[in-house]
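**Student:** Below is the structure I would like to discuss, written out as structure tokens.
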Amino acid sequence: MKAAAEGKKLPRSDLMDTAKRMFEEQRRMVKISVEGYDTSMIPAVDIANALTNRFSSCGRICNLDIPRDPITNVVNSKCSFFQLCGGEGAEEKALALDGTDMGGWNVTVKVLPHDDLEFTTDQLAAMSISHFKKTRSEGVSVRGYDTSLPSNDIKSALTKHFASCGEITDVFVLKRRAVIYFFGWHAISKAVELSGSSVGGCELVVKALPVPKRNLGPPPPPSLPFWLYYPWYIT
């Protein structure tokens, strides 16, 4: 955040490198599941304190998740999950606590596999950044082009025509209009300024979409902190 405060920007290559390093750090984390406690007798805060005290010797605990009912906030599972931020022997130390007594209940400890091993950290970084940009992109509606042309030709021509406005994240060619999405400051205003310009001898009509609402689903796991992507970090 210091870069933003000083008015500096993070180049795109540095953005990718930073995202990759963060995914590499997550890969070094040890994911643990713990079972055995009585949810009807132990408040969630006591479970959290007991687990933290017992497993703190294994390494720094990055995250602790005790499943609860979204309405009543009551613990609704006998299995909790947490992550140890790496460290030498963290996995072995955690497994050594399997079966130990914690004030009347014995813990069952399992090391969980990472769920993203089919991708490299380069791929994860690229997918996460791409997803974030698409969910934060803004769009314009474009009419006036020759609708008799193949959709791929229209998409190619519009992409080339609007490339100077900013980073294009998507181009959709519909029946009577096209929708182009941009990521970055001032891209929409630049695109709207091209209303009245010509593509293939046809005069375009460009209007900004009122409110960008894009339901792209959850990001590829694991996701990265939101502040990493903010436009003022990107040149």
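Bear in mind that the values in this text are calculations on the coordinates, not laboratory data. Just so it is clear, the model here is predicted, and its values are computed rather than measured. Note that each Cβ is placed from the backbone with ideal geometry, even for glycine, and that neighbours are counted across all protein chains shown.
**Student:** Distance cut-off 29 Å, Cα to Cα: go down the list Lys133/Lys160; Lys20/Lys155; Lys134/Lys190; Lys20/Lys190; Lys93/Lys133; Lys134/Lys207 and report the pairs above it.
**Tutor:** Lys20/Lys155; Lys20/Lys190; Lys93/Lys133
**Student:** Give me the dipole magnitude in Debye, nearest 20, for region 136-210 about the Cα centre, with unit charges on the beta carbon: positive for Lys and Arg, negative for Asp and Glu.
**Tutor:** 200 debye
**Student:** Ordered by residue, what ³J(HN,Hα) values in Hz, to whole numbers, does region 131-145 give under the Karplus form 6.51 cos²θ - 1.76 cosθ + 1.60, where θ = phi - 60° and Gly and Pro are x?
**Tutor:** For region 131-145, the Karplus curve yields 5, 4, 4, 5, 6, 9, 7, 10, x, 10, 9, 10, 10, x, 6 Hz.
**Student:** Under the 0.36 nm per residue contour assumption, what length would be gained going from the current alpha-carbon distance of Glu24 and Leu64 to full extension?
**Tutor:** Length gained, Glu24 through Leu64: 12.4 nm.
**Student:** Among residues other than Leu95 whose Cβ falls under 15 Å from its Cβ, what is the net charge (Lys/Arg +1, Asp/Glu -1)?
**Tutor:** Details: positive: Lys31, Arg54, Lys93, Lys110; negative: Glu35, Glu88, Glu91, Glu92, Asp98.
Here the charged neighbours net out to -1.
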